[in-house]
Amino acid sequence: MIENKRVLLIVSGGIAAFKALDVIRLLKKKGVSTPVILTKAAQEFVTPLTCSVLSGEKVYTDLFSLNDELEMGHIELSRDADLIVVVPATADLMAKMAHGICDDLATTTLLATDKDIIFAPAMNIRMWEHAATQRNLISLLADGHKAVGPVEGEMACGEYGYGRMSEPEDIVGAIETYFQKAKPLAGKKILITAGPTHEPIDPVRVIANLSSGKQGYAIAQAAYDAGADVTLISGPVSLNPPLGVKVIKVQTAEQMLQHTQNSLPADIAIFTAAVADWRVENPAEEKVKKTAGKLGFDLNFVENPDILATIAQDITRRPELVIGFAAETEKVIENAIAKRAKKQCDWIIANDVSPETGIMGGDKNKVHIIKAAQQNAWDEMPKTAVAKKLIDEIIHHFKIEARDA
Ligand code: CTP
């Protein structure tokens, strides 16, 4: 679960900084890579060399280091990480985080990141109980950051009470729990088709449609973010491949079917592609010349395979959950219900792709989700939000399945 993750450790300057070394050691043992940022004060307690020897990684200390910025800037440092852990989080660092102050590499990275942050507070009990620290704690939690500790115990200053940093084992435990919780689809394999298909007429001309692939790509990203092993079989689109997703690029419906079948078995299959229903029977081998007044050759069409129906009706290799989309311009729900029955998928997501809706090619979508015994209309929302909501439905479905089993 945690192996091969990349956890960026930010060490601030408190006596508990020496325990960060144990956190590095324990994470390394579990196969986690741990680049480290040390604040200036942290270097009074632990050295960059010790951290580097233990982690086997470069240690970063300066915001304005020319070498470090060239090699790996603070933005890349956080972009590369799966999670950021602040250990220890001193009262000073918590205050800076809560107020968005960024006056060194550690605080700048914390402000510039979109990754989740776990922080392990460590300070004297009076500092911990101070109204300012408690206000900052509330702000940090409200911002969505997660705290581990502090715990009650003896402190370096001789006092006893809350403020002692959690033990390294407990911090590593919190990191493991984080990855378990955040990845509810871990262990599930998902196949997704997306985009249009291009059916050749001759070497330079195709029959296509206006699908942008945005909805399918967004679903692939959301599925990967939820921990699934995702294969995206995509027709020609001009989108960046979703991070962490295996993308197979195809042109035609036949290639899309071939690669979808080759990618089985899978637990879940989602068919968002706008597959051309027909292809030209004998595409010309050379570019068809313009002949005055008429098309240079006869276009005979043959029906393309229905990829969704083929997979949904594959008795031996059908994924447990098969989801189709229904692109309609009239009688949206009625047609979608009929399509679900005809193709034999479990759920179908219906949307109205009439030009005036702006859905085809746009960034928003308004869908109906239709299951065996229920159907729900979702509000209009960004395609990325539809993707997350669909993934949440899938997570919910598998939890129910697990309970019934
Ligand atoms: N689909 C598919 N292979 C095809 C045609 C469609 O896999 N050859 C899938 C789509 O990816 C979608 C669902 O079937 O999940 C419905 O596609 P849609 O274009 O709405 O319907 P069609 O089956 O093409 O029917 P029609 O064109 O009559 O609406």
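Per-residue answers, yes or no, for (1) closer than 15 Å to Phe271 by Cβ; (2) among the charged types (D, E, K, R); (3) without any contact (Cβ under 8 Å) to a residue 60 or more places away in the chain; (4) within 14 Å of the ligand (Cβ to nearest atom):
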| site | (1), (2), (3), (4) |
| --- | --- |
| Ala338 | no, no, yes, yes |
| Glu356 | no, yes, yes, no |
| Lys364 | no, yes, yes, no |
| Ile395 | no, no, no, no |
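Does Ala228 count as assigned by TED's automatic domain parsing to the domain that holds Ile369, more than 16 Å from the ligand (Cβ to nearest atom) and open to solvent by less than 20 Å² (accessible area, probe 1.4 Å)?
Values: assigned by TED's automatic domain parsing to the domain that holds Ile369: yes; more than 16 Å from the ligand (Cβ to nearest atom): yes; open to solvent by less than 20 Å² (accessible area, probe 1.4 Å): yes.
So Ala228 fits the description; yes.
Residues of the stretch 306-324 being open to solvent by 40 Å² or more (accessible area, probe 1.4 Å) and not acidic (Asp, Glu), which ones? It would help to see each step written out before you state the result.
So in the stretch 306-324, the residues open to solvent by 40 Å² or more (accessible area, probe 1.4 Å) come out as 306, 310, 313, 315-318, 320.
Correct list: Thr310, Gln313, Ile315, Thr316, Arg317, Arg318.
Show me the helices (runs of 4 or more DSSP H) found entirely inside the stretch 80-135 where at least 3 residues are under 21 Å from Pro35 (Cβ atoms) and either open to solvent by 10 Å² or more (accessible area, probe 1.4 Å) or in contact (Cβ under 8 Å) with a residue 24 or more places away in the chain (or both).
So the answer is 91-99, 105-112.
When the residues of the stretch 258-291 are filtered to those that are hydroxyl-bearing (Ser, Thr, Tyr) and touching a helix residue (DSSP H, G or I) at 6+ places or on another chain (Cβ under 8 Å), which remaining residue is farthest from the ligand (Cβ to nearest atom)?
Pass one, the stretch 258-291, residues hydroxyl-bearing (Ser, Thr, Tyr): 260, 263, 272, 291.
So of that shortlist, the ones also touching a helix residue (DSSP H, G or I) at 6+ places or on another chain (Cβ under 8 Å) come out as 260, 272.
Details: Thr260: 8, Thr272: 6 Å.
Among them, the one singled out is Thr260.
Can you tell me which residue among Lys343, Lys294, Lys331 is open to solvent by 30 Å² or more (accessible area, probe 1.4 Å) and away from the ligand (no atom under 14 Å from the Cβ)?
Details: Lys343 fails: away from the ligand (no atom under 14 Å from the Cβ); Lys331 fails: away from the ligand (no atom under 14 Å from the Cβ).
None of the others qualify; the one that does is Lys294.
If you scan the stretch 136-160, which residues turn out to be open to solvent by 90 Å² or more (accessible area, probe 1.4 Å) and part of a strand (DSSP E or B)? Quick ask: steps written out before the conclusion?
Residues of the stretch 136-160 that are open to solvent by 90 Å² or more (accessible area, probe 1.4 Å), as a first pass: 138, 143, 152, 154, 160.
Glu152, Glu154, Tyr160, listed by residue number.
Every residue, every condition in (1) open to solvent by less than 30 Å² (accessible area, probe 1.4 Å); (2) of a type in the set (A, V, I, L, M); (3) at pLDDT below 95; (4) not in a strand (DSSP E or B), yes or no:
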{"site": "Glu176", "(1), (2), (3), (4)": "no, no, yes, yes"}
{"site": "Gln180", "(1), (2), (3), (4)": "no, no, yes, yes"}
{"site": "Ala186", "(1), (2), (3), (4)": "no, yes, yes, yes"}
{"site": "Ile192", "(1), (2), (3), (4)": "yes, yes, no, no"}
{"site": "Val206", "(1), (2), (3), (4)": "no, yes, no, no"}
{"site": "Asn240", "(1), (2), (3), (4)": "no, no, yes, yes"}
{"site": "Met256", "(1), (2), (3), (4)": "yes, yes, no, yes"}
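Give all pairs with beta carbons closer than 9 Å in which a residue from the stretch 306-334 that is outside the structural domain of Glu393 (by TED's automatic domain parsing) and part of a loop (DSSP other than H, G, I, E, B) meets a residue that is away from the ligand (no atom under 13 Å from the Cβ) and open to solvent by 40 Å² or more (accessible area, probe 1.4 Å); count only pairs at least 6 apart in sequence or on separate chains.
As it stands, the answer is none, since no pair meets every condition given.
The values are calculated or read from the model by the stated rules, or taken from the named source; none is laboratory data. None of the values given here were measured: they were computed from a predicted structure. When we count neighbours, we look across all protein chains shown, and the Cβ atoms used for this are built from the backbone with ideal geometry, even at glycine. These accessible areas exclude ligands, DNA and RNA; they are computed on the full protein's heavy atoms, side chains included. Shrake-Rupley method; radii C 1.70, N 1.55, O 1.52, S 1.80 Å.
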